[in-house]
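To keep things clear, I will list the structure first and then write my remarks on it.
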Amino acid sequence: MSEELYPIEVEVNGVQRTARVPARLSLVDWLREDLRLTGTHVGCEHGICGACSVMLDGEPVRSCLMFAFQANGHRVTTVEGLAQPDGSMSVLQDSFCQAHALQCGYCTPGMLIAAQGLLNTNPRPTDLQIREAIGGNLCRCTGYQQIVDAVKQAASRLSKETAS
Amino acid sequence: MTTQFRYIGKHRRTKEDPRFVTGRGRYAADIALPGTKHVALVASPHPSARIVSISTDAALAAPGVLTVLTGDEFCARTDPLYVGVDAPKVTRYALARGVVRYAGEWVAAVVADTRALAEDAAELVEVEYESLPFVIDPEAALAPGTHLIHPDHGTNVLYRRKFVWGPVEEAFAKADHQLAFRATWGRSSTVPIETFGVTARWDPVAELLDVWASIQMPKYPDQTARALRLPGNAVRVHFDVDVGGSYGVKRGIKHTVLVGYLAKKLGVPVRLIEDRLENMRGGDMHGPDRFFDMQVAFDRDGTIRGMKMRAVDDVGAYAGRSPLQLGKPVGAICGPYQIHAIEYEPTSVMTNKTPQEAVRGFGQSPTNFAIERAMDRVARQLGMDRIELRRKNLIRRDQFPYLIPSGSSYDSGDYHTVLDKALEASGYPALVRMRDEARLAGRLAGIGVATCLEPSGGNASFELLFNPKNETTTWMDSCLVRVDLSGSITGVMGTSSSGQGHETLVSTVVGEILERDPATIRVIHADSLNALPSNSPVGSRMAIMLGGAAAGAARKIRDALVAIAAHNFECSPEDLEYRDGNVGIKGAPSKMLSWDQLVEIAHRKFHKMPPGLDPGLQAQFVWEVPTGGGVPTQDGRVQMYPCYAFEAHVVYVEIDPDTGKPSIRKYVCGHDCGVMISPDIVHGMTYGGIAHGIGASLYEKFAYTEDGQLASGTFMDYLIPSSMEVPDIHIVDHCTPSPLTTFGQKGSGEAGYLGAPAAIANAINDALDPLGASIDTLPMSHLALWETITKATKM
């Protein structure tokens, strides 16, 4: 095995991780296979379905289209890192449960990342803005309806929390 | 209707959602056994060719490679996969031997330390091919003298029969009018976001093959064992693997036999996870690819007298269960209408394309599309309102149970009311005004209506109908309910789930019967050696079958608790009242044994147990499909599925004439699936089914080039609707309980998908109508619509 390895240092869900990785290792394979953070899913490996979405420095990206090496020096958040500091579900995660915004759950981590990315920058999105924000994430189960409902619900709950 | 229930029909959080939103699902690709090796596949670039030679030397010498397996060894040491119809010469293995029959067919499997190394080595496998003639078009495949996909079979036809139910020729002779047209359903599929994946491990001491797979398939453990020439109890399938979507297609039996063989041969765990191209090209999961030659006989008042339907389905290069997808529609061949004379000629034909697999509705959605296009065409020819035509022919509420010409009895329904409710919710008169104003403004606008059935409950009657040698007449399911010493309840089911929420279903039903909070009930997926008989979640059957089985098992527990109380109170069970798990004497509140006390007796106090009752507290219930067990008559009449849900779709569409881009501006679906056990789950599946139907009707196609190559093997050319294509959908519920099921429930796993393509096709045609144009081929892509519009406006 003569593949050359490159050192990387990435903050993943608040924990500093160091590794030596081959140049061709994708970010999603590193997260899933090496760090065993299997919440992030692989759907198409060509950047269309969005199942592999993670946050890179707070913005949603496709981890199948990035090499692990490209994340060197950056901050990555996966679905496992979305929970509140005490380990309980985030408002968005809880709203997904309340609105039954999922069925098989496979696209869900990517949907949560995309929706959280929206809520981080736009706390009161319209239906159309929600649809646009998750427009790059394919779901085959829900027809998106209950996902839109869940994001609306989360936005409303979060704005009430902020107000109080 | 649902007020009589405590938990059924209520909004409640599902049991499954929390693990999925926290990233704690456990899918096939998450299974990581120590020492696992990885498979990469070598696929045929030819649609039809002879394999002259395979050189594996370079691949075997590559870093990390354990073995390279080809068809010669594999086919000699395993048995071929199951074929649904009587076609024993259409043999199918995971790896090609001698010839390849479609582009993408697997020729060799490379096993290496990592997936990347296996893929590197797969590129080093040298295969020399000699091209052979091929056929892509199903009509060409039917023509005499055509290249035979399986020469030993002697024909490209896998199945053909002409059924005549009722006085068809008389109906056509006596009718005022007739029409004929062809409707074509494009090759698409369910295409879950998770591809198929499987890991297998062989224990040589126990002689046991453990399998973890993203599977939704009846008889999967049995078929795996049979193909590997192992006893059935040497294969243990772990059904606690979460399946990332299936909707019918996750039947990776060939993958499993291959990986099982490799695991046994190499003595290490072996895993195969399809990449997207493998999934779409060699994963053998394409759906129906079907055209219908339709003839309808009808009177000037709109009465449909008879229908002739010739359906030709292109199943690709191998059979599997796919020809049976022409069989299920027999159970709803007249749709929701009173049509007394029907001729049906299903033909299943092979071509050099990727094989077909079961897709949501098992062939019913294409059939509904053809029937609903016929209804609209009849209305148009008569100058009659499409809704009035449907109202005239719909089976009336007072006619149930209603026996259709092909032998199935519809259980219950109120089709007129559901249609009315959907129309009302759509604001139909305003919708018509909106359409007419859009047209006046020069836009292409149309309204589509479709009324159709969702047969549910799953039954294997089509197996025997299409293959007299296959005497499958039961399609049972089961559940075990256990109450432990602490009084906690566990439900055990024997299949995996792919998003249907079965843990929620079982806990809701058991909670309902035992009057215990479903949130406290745990539901587990037993492995195949621990499980009771199941036929997996196919055919919209789990609400009926698993729900019925769970209720049956829970009732046994309840009866046991009452019997224990009766014994201790020395009274008759009739004198007792069961409430919240406690059992007391009617009218004497102080005379009561609590749940905890009863459980304690059952587990520990044999001296307080009534004679004849087993200690411990568990019960199992195996349920046969209601109305099942029938054998077809000589002329092919048989009771197919037990329950029939109904849906009425109303859609408003506008098409951009310059680009052909359609946009759905309004979508209403009236839906009656009887009593909904979990409304949130039913609604979710209906939304998803409609979205899938939007894909099948407007976007999704496994297109083939003239030289036999799949042209849509990625999500950049196989277009799955996103949140921007799927509109806001309004579902209107109605409830006509089924008289055949435990709570009045019907199935709903295929809801929405069964009517959406028909309704959208009707809306598109309504929009094209002012141009004098029409289109009856799915998918109605932007390009196809643009071409239709351009042609019509130039004329």
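The values are calculated or read from the model by the stated rules, or taken from the named source; none is laboratory data. Bear in mind that the values here come from a model prediction, so they are computed numbers and not experimental data. Glycine also receives a Cβ, built like all others from the backbone with ideal geometry; neighbour counts cover every protein chain displayed. SASA here: full protein model, heavy atoms, side chains in, ligands and nucleic acids out. Shrake-Rupley method; radii C 1.70, N 1.55, O 1.52, S 1.80 Å.
Taking region B:527-557 as the range and being open to solvent by 10 Å² or more (accessible area, probe 1.4 Å) and hydrophobic (A, V, I, L, M, F, W, C) as the test, the residues that pass are B:LEU529, B:ALA531, B:LEU532, B:VAL538, B:MET542, B:ALA543. Entry remark, region A:1-33: residues being farther than 22 Å from B:ALA121 by Cα, surrounded by fewer than 16 Cβ atoms within 10 Å (Cβ to Cβ) and of a type in the set (Gly, Ala, Ser) number 1 in total. Taking B:GLY744 as the residue in question, decide whether it is within 14 Å of another protein chain (Cβ to nearest Cβ), open to solvent by less than 30 Å² (accessible area, probe 1.4 Å) and touching a strand residue (DSSP E or B) at 6+ places or on another chain (Cβ under 7 Å). It is false that B:GLY744 is within 14 Å of another protein chain (Cβ to nearest Cβ), open to solvent by less than 30 Å² (accessible area, probe 1.4 Å) and touching a strand residue (DSSP E or B) at 6+ places or on another chain (Cβ under 7 Å).
Taking region B:36-79 as the range and being within 14 Å of chain A (Cβ to nearest Cβ) and out of contact with any helix residue (DSSP H, G or I) (no Cβ under 8 Å at 6 or more places or on another chain) as the test, the residues that pass are B:THR36, B:ALA61.
Of the numbered criteria (1) farther than 26 Å from B:ASP766 by Cβ; (2) more than 26 Å from the chain's Cα centre (by Cα), the one B:ASN393 fails is (1). Counting just the residues of region B:62-90 that are in contact (Cβ under 8 Å) with a residue 60 or more places away in the chain and open to solvent by 50 Å² or more (accessible area, probe 1.4 Å), which one comes out nearest to the chain's Cα centre (by Cα)? Taking the candidates together, the pick is B:TYR82.
Do we have A:ARG36 as open to solvent by 30 Å² or more (accessible area, probe 1.4 Å) and more than 8 Å from every other protein chain (Cβ to nearest Cβ) here? So A:ARG36 does not fit the description; no. In summary, B:GLY713 fulfils each of the numbered conditions (1) more than 14 Å from every other protein chain (Cβ to nearest Cβ); (2) open to solvent by less than 20 Å² (accessible area, probe 1.4 Å); (3) in a loop (DSSP other than H, G, I, E, B) with the single exception of condition (1). Using the structure shown, decide if B:HIS153 is out of contact with any strand residue (DSSP E or B) (no Cβ under 9 Å at 6 or more places or on another chain), away from every other protein chain (no Cβ under 14 Å) and surrounded by 14 or more Cβ atoms within 10 Å (Cβ to Cβ). Answer is no for this residue.
When we screen B:ALA751, B:ALA758 for residues that are under 21 Å from the mean Cα position of the chain (by Cα), crowded, with 24+ Cβ neighbours inside 10 Å and more than 14 Å from chain A (Cβ to nearest Cβ), the only hit is B:ALA758. For region B:484-522, filtering for residues that are in contact (Cβ under 8 Å) with a residue 60 or more places away in the chain, part of a loop (DSSP other than H, G, I, E, B) and crowded, with 21+ Cβ neighbours inside 10 Å leaves 9. Close Cβ contacts (under 7 Å, 6 or more residues apart or on different chains) running from residues in region B:172-186 that are part of a strand (DSSP E or B) to residues that are among the polar types (S, T, N, Q) comprise B:HIS177/B:GLN381; B:GLN178/B:GLN295; B:LEU179/B:GLN381; B:ALA180/B:GLN295; B:THR184/B:THR777. So for region B:404-418 (the condition being of a type in the set (A, V, I, L, M) and in contact with a helix residue (DSSP H, G or I) (Cβ under 7 Å, 6 or more places away or on another chain)), does at least one residue qualify? Checked against the condition, which is being of a type in the set (A, V, I, L, M) and in contact with a helix residue (DSSP H, G or I) (Cβ under 7 Å, 6 or more places away or on another chain), region B:404-418 yields no hits at all. Residues considered: B:PRO610, B:PRO657, B:PRO589. Of these, the only one that is open to solvent by 40 Å² or more (accessible area, probe 1.4 Å), in contact (Cβ under 8 Å) with a residue 40 or more places away in the chain and over 30 Å from B:SER408 (Cβ atoms) is B:PRO657. Of all residues in region B:266-290, those being surrounded by fewer than 24 Cβ atoms within 10 Å (Cβ to Cβ), outside any loop (DSSP other than H, G, I, E, B) and away from chain A (no Cβ under 14 Å) number 1. Only residues that are open to solvent by less than 80 Å² (accessible area, probe 1.4 Å) and farther than 30 Å from B:SER409 by Cα were counted across region B:616-634, and they come to 3. Among the residues of this structure, B:ARG26 counts as one that is within 32 Å of the chain's Cα centre (by Cα) and among the charged types (D, E, K, R). Selection over region B:291-348 of residues that are touching a Ser or Thr at 6+ places or on another chain (Cβ under 9 Å), farther than 30 Å from B:GLU105 by Cβ, open to solvent by less than 10 Å² (accessible area, probe 1.4 Å) and assigned to a loop (DSSP other than H, G, I, E, B) gives a count of 4. Restrict the check to region B:58-71 and report whether at least one residue is modelled with pLDDT under 95 and among the hydrophobic types (A, V, I, L, M, F, W, C). No, region B:58-71 has no match at all. From the list B:VAL205, B:VAL257, the one residue that fits, being over 21 Å from the mean Cα position of the chain (by Cα), surrounded by fewer than 24 Cβ atoms within 10 Å (Cβ to Cβ) and of a type in the set (A, V, I, L, M, F, W, C), is B:VAL205.
Picking from B:ILE720, B:ILE731, which residue would you name as being open to solvent by 10 Å² or more (accessible area, probe 1.4 Å), at the interface with another protein chain (Cβ under 10 Å from one of its Cβ atoms) and touching an Asp or Glu at 6+ places or on another chain (Cβ under 7 Å)? Selected residue: B:ILE720, the only one of B:ILE720, B:ILE731 that is open to solvent by 10 Å² or more (accessible area, probe 1.4 Å), at the interface with another protein chain (Cβ under 10 Å from one of its Cβ atoms) and touching an Asp or Glu at 6+ places or on another chain (Cβ under 7 Å). Do we find that A:ALA51 is touching a helix residue (DSSP H, G or I) at 6+ places or on another chain (Cβ under 9 Å), surrounded by fewer than 20 Cβ atoms within 10 Å (Cβ to Cβ) and within 8 Å of chain B (Cβ to nearest Cβ) in this structure? The answer is no for A:ALA51. Among the residues of region B:523-578, the ones that are within 22 Å of the chain's Cα centre (by Cα) and free of Cβ contacts under 8 Å to residues at least 24 places away in the same chain come to 0 in all. Take B:SER507 and tell me if it is touching a Phe, Trp or Tyr at 6+ places or on another chain (Cβ under 9 Å), at negative phi and within 14 Å of another protein chain (Cβ to nearest Cβ). Against the criterion (touching a Phe, Trp or Tyr at 6+ places or on another chain (Cβ under 9 Å), at negative phi and within 14 Å of another protein chain (Cβ to nearest Cβ)), B:SER507 does not qualify.
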